[in-house]
Amino acid sequence: MKIIVDRTKCTGLGICESLAPGKFEIDDDGSLMLLSDTVTDDERDEVDAAIAACPTEALRLVAEAQAG
């Protein structure tokens, strides 16, 4: 699975970073940095929580075949 970020929607609130710090980080200027877009089975629950908590719906998870 891969994480897709819609940068036109992301406002850099950092909720995703607090729920999945291994995947998301807000840099000094408030921009979202995706630390890794690939999601393992072990990471799935925290990434799903981060996606569900995004108030701007800027994040989604897709199968790798759909990501390209």
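For the reader, a short list of remarks on this structure follows.
- Around residue 58: net Lys/Arg minus Asp/Glu count, Cβ-Cβ under 11 Å: +1
- Karplus-based coupling profile of the range 39-50, in residue order and whole Hz: 10, 8, 4, 5, 8, 4, 4, 6, 5, 4, 5, 5, with θ = phi - 60° in 6.51 cos²θ - 1.76 cosθ + 1.60 and x standing for Gly or Pro.
- Taking label positions 7 Å along the Cα-Cβ direction at both residue 27 and residue 11, the computed distance is 2.2 nm, reported to one decimal.
- Normalised per residue, the volume of the convex hull around the Cα set of the range 2-67 (Å³): 74 Å³
- Proxy reagent accessibility, fewest Cβ within 10 Å first, across 1, 33: 33, 1
- Fully extended contour minus Cα-Cα distance, from residue 48 to residue 18, at 0.36 nm per residue: 9.5 nm
Every number here is computed from the coordinates shown, using simple stated rules; none is lab data. Bear in mind the structure is a predicted one, so any value in this text is a computation, not a measurement. A quick note on method: Cβ atoms are made from the backbone with ideal geometry, for glycine too, and the neighbour counts reach across all protein chains shown.
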